[in-house]
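Asker: Okay, handing you the structure first.
Each value in this text was obtained by applying a stated rule to the coordinates, not by laboratory testing. Since the structure is predicted, the reported quantities are computational estimates derived from the model, not experimental observations. Here the Cβ positions follow ideal geometry from the backbone for every residue, glycine too, while neighbour counts run over all protein chains shown.
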Amino acid sequence: MNDSPGWASPGSPSPSDDQGAGSPRPAGDQGGPAPKWSENQPPPGQWSPPAARPGGPVPPAPAPGWGGRGPYGGWAQPPAPKPGVIPLRPLGVGEILDGAVSTLRAHWRTVLGITLVVSAVVQLVQLLLQRYVLPQPPAVDPDASPSEVLEQAGEAMQTTVIGMVPSSLLGLMAQFVTTALLTFVVSRSVLGRPVAFGEVWRDARPRLVPLLALTLLLPAIVTAVFAVGVGPGLLIGSTAGAMLAVLGGASALLAAIWLTVRFSLSYSVVMLERQGVRASLRRSAKLVQGAWWRIFGILLLTALLTTLIVMIIVIPFSLIALLVDGDGMNGLVSGSPDQTSWTFLIITGIGAVIASAIMYPITAGVTVLLYVDQRIRREALDLELARAAGVPGYGSPSPGDTTPRS
């Protein structure tokens, strides 16, 4: 298997099953050639301006005063091309975050059209399930005996865990849909190409099955890790078992974080490189290797920022709901959603929908741009992206074209 299969051209049809992952892609929707692997790539981890790259374009000699003086009296290198939301060079943390936000700003109609629909459906289904389908947690009687209180607490915990299952599945489905569509929105934004829902759906549709399998597999792996870490202590059931469960849970948490970061780029690999599930996991692990802490820090920072955004949006809606219906919080505090008024639920639900609609594109954008950044750093993907975006000086002459090039 080729470990460097290439980038799927946004807007190009899916390759046939017998087409190798590294085969050339059809031309993009703006006439530029589809990105593919350069035959003369620099060693992994090396990046230099185009003039210094093997096989890269050689810009004309600068005129006096062009580009300014470098630190050693030479000419300063020209700025990297920026056909879309990011410059085509290794990215800093701020540029990755700015690229995700810029994608949301530049294509807000398409992005919010996707995320608002997904968020509204998820919130509505979750609300109806909690209100009419899922069992309500039993109240704990404080006057009961210690053994009865412990039994009631166990039943309440069991009911809560059962109630978390559909919520988790709904969250996975929301992640699945938004990842499938927003990945191609971001990839088109990197090339500076127009984004329309029909084109995004056309690109994403052939990859839905492997993406769904990956979306379900990764949480299953994390669940299995926690089961292995906590299970033996719970089976013992004594004080020693409780301590073993705590230690096992802490170890499982660390292992789950490590695996999550290691496989964090697999979603982009599935969609953009058109690889299978296992190949995508191996590919992600290879791209993350040597940069685990950097990717972990960026993902953690993104999670903190999106949490802050969600709080900024949700808290005012919660205060408005309390002002409109002061008794609306009673049902939530008592653990009985059926006692909460519809007014309170609708107002807080609107805030949750808006917060999710903004959170999804930022999270997806950061993940895709991390993938792009790692491939630029390791595999000189910026050359292929510049060529596909039609940046002057990066394209190859068409077959039979004898026009002189400057």
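Asker: Sort ILE320, ILE362, ILE162 by Cβ crowding within 10 Å, fewest neighbours at the top.
Answerer: In order of increasing Cβ crowding within 10 Å: ILE162, ILE320, ILE362.
Asker: Starting from the amide H of SER264, placed 1.01 Å from N in the peptide plane, find each other amide H under 5 Å away whose residue is 5 or more places distant or on another chain.
Answerer: none
Asker: Which three extents, in whole angstrom, do the alpha-carbon atoms of region 162-208 cover along their principal axes, largest first?
Answerer: Taking max minus min along each principal axis of the Cα atoms, region 162-208 gives 45, 19, 14 Å.
Asker: If you plug each phi of region 380-387 into the Karplus form 6.51 cos²θ - 1.76 cosθ + 1.60 with θ = phi - 60°, what whole-Hz ³J(HN,Hα) values come out, in order, with x for Gly and Pro?
Answerer: Working through the residues one at a time gives 6, 5, 4, 5, 5, 5, 5, 5 Hz.
Asker: Kindly rank 182-190, 231-239 from highest to lowest mean number of other beta carbons found within 10 Å of each residue.
Answerer: Descending mean neighbour count gives 182-190, 231-239.
Asker: Still on this model: Provide Rg over Rh for region 202-299; use the alpha carbon set for both Rg and the Kirkwood Rh (inverse mean inverse pair distance).
Answerer: 1.11
Asker: Can you put LEU191, LEU91, LEU323 in order of Cβ neighbours within 10 angstrom, beginning with the fewest?
Answerer: LEU323, LEU91, LEU191
Asker: May I pose another question? If you wrap a convex hull around the alpha carbons of region 83-125, what volume per residue comes out, as a whole number of Å³?
Answerer: Residue-normalised Cα hull volume stands at 78 Å³.
Asker: Return the long-range amide H neighbours of GLY192 (sequence gap of 5 or more, or a different chain), with a cut-off of under 5 Å between placed amide H atoms.
Answerer: Residues meeting the criterion, in which the H sits 1.01 Å from N, are GLY84, VAL85.
Asker: How long is the gain from LEU259 to LEU308 if the chain were fully straight, where each residue apart is worth 0.36 nm and the alpha carbon distance is subtracted?
Answerer: That works out to 15.1 nm of additional length.
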